[in-house]
Amino acid sequence: MQPYKYSRRAFLAQLGLVTAGGVLAACAQPAAGPAATTGQQAAPAAGAGAAEVAPGVPRTETLILENPTGRVVPADDFNRWRPGIQSASTGLQQLALDALWYIDPDAGIDGVWDNSLAAEKPIYNEDFTQMTVKLRQGIYWSDGVEFTADDLIYTVDIQKNTPGLAYSGQFAKYVDHMEKPDDYTVVFHLTEPNSRFHGLFTVRWSACFMMPKHIFEQQEDVVAFTFNPPVSLGPYVLKDFDPNGNWYLWERREDWERTTLARFGMPAPKYAMYVAPGPSDKKVMGQTSHDLDVIHDIAPEGMITLARTNPTSRGWFKSFPWAHPDPTLPSVIYNNEKPGLNNRDVRWALTLAIDIVRVAMASYRGAATISAIHVPPTGLYPQYYFDPLQDWLHDFTLDIGGEAYKPYDPDASLRIADEARKALGDMVPTDVNEIRKAIGYGWWKYDLDAAERLMLQAGCSRDANGMWLLPNGEPFKIALLAEGETRPVMNRGAAMIVENWKEFGIDASLDVRDNASRARLALLGEFDAEFGWTIETWGGHPDLFFFLESWHSDFYRPTGENAVGRNRMRWKHPELDRIIEAIQRLDFDDPKGIELGQEFIKLAAHEMPITPIMSYNVFSVCDEYYWEGFPTAENPYTNPVANWANTKYMFVKIRPKQQA
């Protein structure tokens with residue numbers, strides 16, 4: 001395929017993002033009355049009247065989505081099995097690739113679990129040393145070759161034996177050998193018991209996608225191979241792309257019914273275009289002119305502007321806080337090996353010195369979904385963990401000077417709503433249940449007196465200026481690693497936490513680093529604390545092994561060595577090991593896993609190795625001008641966040657909208 005030369009400026013002009021300066025000015029004005037609103041919906045905006053988004057591609061048949069990666073370099077590299085690939089979110093993993101299973105972070109299109117390329121759930125033997133996969137029949141690659149067990153075996157075998165591919169380490173560790181009883185069955189013989197081996201093939205955001213054996217086996221170097229053009233196993237094929245990496249255009253396969261998504265019907269858009277629309281203000285312009293159907297994420301201010309000025313823009317929640325809570329938990333991640341931070345009382349003191357209302361307002365303008373416990377308050381987790389543990393949280397106590405102190409504040413989310421209402425008025429709900437659904441349950445008290453007593457209990461003291469000293473008399477300093485303005489909600493949240501700590505007398509500072517530097521320092525343990533996330537969950541399934549596996553002490557590495565997996569806080573605890581080992585011995589769907597998950601949450605609350613803050617809320621905004629039926633909190637059939645592979649299910653649920 002030879003992509004035609006279509007410059008970024010020409011592309012943006014086509015979408016109305018360069019010439020729509022008047023739209024941006026209009027966004028700053030208050031919303032008009034009902035008559036004007038009706039007129040705005042009926043009359044095409046700056047780019048809405050465009051007949052085509054590209055030559056021969058009607059706008060009315062095209063879903064335009066944001067690719068959050070931005071400009072992709074190199075633009076022509078589609079080898080998803082090489083680490084560091086930049087083109088994953090161009091539609092590649094959403095529309096062209098497929099995996100054995102999917103777990104939806106929300107309710108799911110037909111339940112949370114979907115057998116995609118697999119015909120049924122993984123089948124384990126009694127001691128979890130064997131896993132059998134039964135594959136669907138009649139699924140075809142876009143070049144007409146049938147998908148069979150040979151592709152699955154090749155996908156595992158080539159990665160197991162080829163250093164430099166994404167799953168080389170995991171398959172080398174866990175897979176002894178495979179056998180193929182027939183063309184649609186594969187039996188994995190594992191090197192050790194592993195009841196969660198299927199997780200490698202199960203999409204959360206991504207997973208190990210299947211490789212076309214007949215394509216890759218012809219390549220001399222499968223690591224260097226760019227897989228251009230990609231042969232698709234999904235319902236779309238790549239039609240064109242910008243050689244500069246600013247947009248990718250996909251077309252529905254003529255034989256879409258020979259893909260796994262066909263079980264749910266025909267994908268409605270004939271075309272899908274993933275674009276790099278630029279910063280937040282350009283996204284506002286694009287959606288206001290109806291040239292950007294799905295915004296992946298936007299600054300809170302941009303969401304508020306769209307809510308006030310564009311009646312067809314729709315967030316996950318119909319009103320405040322709008323954003324989709326991802327199954328990810330931004331937290332204050334302490335280095336548990338640093339002096340001071342190696343003491344539970346100090347970590348708890350720092351927690352009680354955080355004003356969650358001010359953090360929520362600084363980061364999300366109040367549109368945060370807070371979490372006092374060590375799982376994100378998203379998907380089905382309220383029913384698995386938050387509701388069942390409310391009584392325990394109310395009764396939970398810390399020992400401060402021999403007195404039992406209750407640190408839980410059940411009304412924290414209500415106070416955030418009250419503060420947000422000062423600026424946003426009746427956009428913020430007043431119903432307590434709606435507030436807790438959107439903003440979260442309780443959090444820990446902002447109690448500087450209790451924090452003071454905990455610091456003293458830990459042997460710390462204040463100097464003549466009121467600043468805290470470690471038990472050895474040295475100043476207690478914390479540099480909080482944080483992201484820059486590339487992710488403003490994280491930067492602003494971290495800055496407010498630092499301000500809270502300074503007010504308490506901690507010599508705290510904000511240490512903003514680029515992503516690569518921050519990741520390197522955290523892995524090596526060369527940091528005091530970090531505002532980021534190490535807890536990610538399935539969202540729709542209660543199993544916590546997804547992140548807990550690498551928290552086992554077997555994977556512990558001391559400061560100076562690269563942390564394994566997610567334990568960069570370097571927390572060890574024998575009770576934690578017991579819980580992890582017990583989970584690993586269970587079947588994936590055993591309800592005992594929820595009980596063990598709750599035991600983990602209670603242990604983590606007691607020890608506070610990291611301070612959970614909130615879910616990472618994504619302001620995914622869908623424009624219901626050309627298309628309707630997008631997933632929402634009222635109809636949570638999948639995640640609307642555009643770069644998640646699960647969003648393929650959205651394509652069979654949305655429908656063209658009749659224009660007025």
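Things worth noting here:
- Selection within region 261-275 - surrounded by fewer than 24 Cβ atoms within 10 Å (Cβ to Cβ) and out of contact with any helix residue (DSSP H, G or I) (no Cβ under 8 Å at 6 or more places or on another chain): R263
- Flag for K283 being surrounded by fewer than 24 Cβ atoms within 10 Å (Cβ to Cβ) and charged (D, E, K, R): no
Here is a yes/no grid of residues against (1) assigned to a helix (DSSP H, G or I); (2) over 25 Å from A482 (Cα atoms); (3) touching a Phe, Trp or Tyr at 6+ places or on another chain (Cβ under 9 Å); (4) at pLDDT 95 or above:
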site	(1), (2), (3), (4)
R358	yes, no, yes, yes
Y384	yes, yes, no, yes
A420	yes, no, yes, yes
D449	yes, yes, no, yes
G459	no, yes, no, yes
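- Given (1) among the aliphatic types (A, V, I, L, M); (2) more than 22 Å from the chain's Cα centre (by Cα); (3) crowded, with 16+ Cβ neighbours inside 10 Å; (4) under 12 Å from H552 (Cα atoms), index of the condition L596 fails: (4)
- Among (1) β-branched (V, I, T); (2) closer than 16 Å to I439 by Cβ; (3) more than 19 Å from the chain's Cα centre (by Cα) - the single one T305 does not satisfy: (2)
- Which numbered condition H573 misses (of (1) closer than 27 Å to V284 by Cβ; (2) of a type outside the set (G, A, S); (3) not assigned by TED's automatic domain parsing to the domain that holds Y248): (1)
- Filtering region 143-153 to residues that are under 29 Å from the mean Cα position of the chain (by Cα) and of a type outside the set (A, V, I, L, M) leaves only D151.
- Within region 208-240, the residues that satisfy the criterion of being crowded, with 23+ Cβ neighbours inside 10 Å and either at pLDDT below 95 or in a strand (DSSP E or B) (or both) are Y236, L238.
- Out of I535, I506, I478, one residue alone is out of contact with any Ser or Thr (no Cβ under 9 Å at 6 or more places or on another chain) and outside the structural domain of R204 (by TED's automatic domain parsing). It is I506.
- Residues being at pLDDT below 95 and either surrounded by fewer than 16 Cβ atoms within 10 Å (Cβ to Cβ) or in contact with a Pro (Cβ under 9 Å, 6 or more places away or on another chain) (or both) - total across region 173-184: 1
- Residues located in region 560-571, provided they are surrounded by fewer than 15 Cβ atoms within 10 Å (Cβ to Cβ) and either at positive phi or over 26 Å from the mean Cα position of the chain (by Cα) (or both): G560, E561, G565
- When D110 is tested against (1) surrounded by fewer than 21 Cβ atoms within 10 Å (Cβ to Cβ); (2) touching a residue at least 24 places away in the same chain (Cβ under 8 Å); (3) in the same structural domain as N646 (by TED's automatic domain parsing), exactly one condition is not met: (3).
- Contact map, region 616-645: first residue assigned to a loop (DSSP other than H, G, I, E, B), second residue crowded, with 24+ Cβ neighbours inside 10 Å and among the charged types (D, E, K, R), Cβ cut-off under 6 Å, separation 6 or more or different chains; pairs are Y616/D326; F619/D297; P636/D106; T638/D104; N639/D106; A642/E66.
- Checked against the criterion of being touching a strand residue (DSSP E or B) at 6+ places or on another chain (Cβ under 8 Å) and in contact (Cβ under 8 Å) with a residue 60 or more places away in the chain, region 398-415 contains not a single residue that satisfies it.
- Residues satisfying the stated conditions in region 361-371, i.e. under 30 Å from P475 (Cβ atoms) and crowded, with 23+ Cβ neighbours inside 10 Å: S363
- Filter pass, E66 being surrounded by fewer than 20 Cβ atoms within 10 Å (Cβ to Cβ) and in contact with a Pro (Cβ under 8 Å, 6 or more places away or on another chain): no
- Set A604, A522: member being of a type in the set (G, A, S), under 28 Å from I354 (Cβ atoms) and at pLDDT 95 or above: A604
Okay, residues lined up against (1) part of a loop (DSSP other than H, G, I, E, B); (2) surrounded by 18 or more Cβ atoms within 10 Å (Cβ to Cβ); (3) out of contact with any Leu (no Cβ under 6 Å at 6 or more places or on another chain):
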site: A464; (1), (2), (3): yes, no, yes
site: P471; (1), (2), (3): yes, no, yes
site: L481; (1), (2), (3): no, yes, yes
site: M496; (1), (2), (3): no, yes, yes
site: R520; (1), (2), (3): no, no, yes
site: G539; (1), (2), (3): yes, yes, yes
site: D543; (1), (2), (3): yes, yes, yes
site: F546; (1), (2), (3): no, yes, yes
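- Among residues of region 341-367 that are in contact (Cβ under 8 Å) with a residue 12 or more places away in the chain, those with a beta-carbon under 9 Å from a residue that is assigned to a loop (DSSP other than H, G, I, E, B) and among the basic types (K, R) at least six positions away or on a different chain give the pairs L352/K445.
The values are calculated or read from the model by the stated rules, or taken from the named source; none is laboratory data. Everything numeric here is computed off the predicted structure, so don't read it as measured data. Here Cβ is always computed from backbone atoms with ideal geometry, including for glycine, and neighbour counts include all displayed protein chains.
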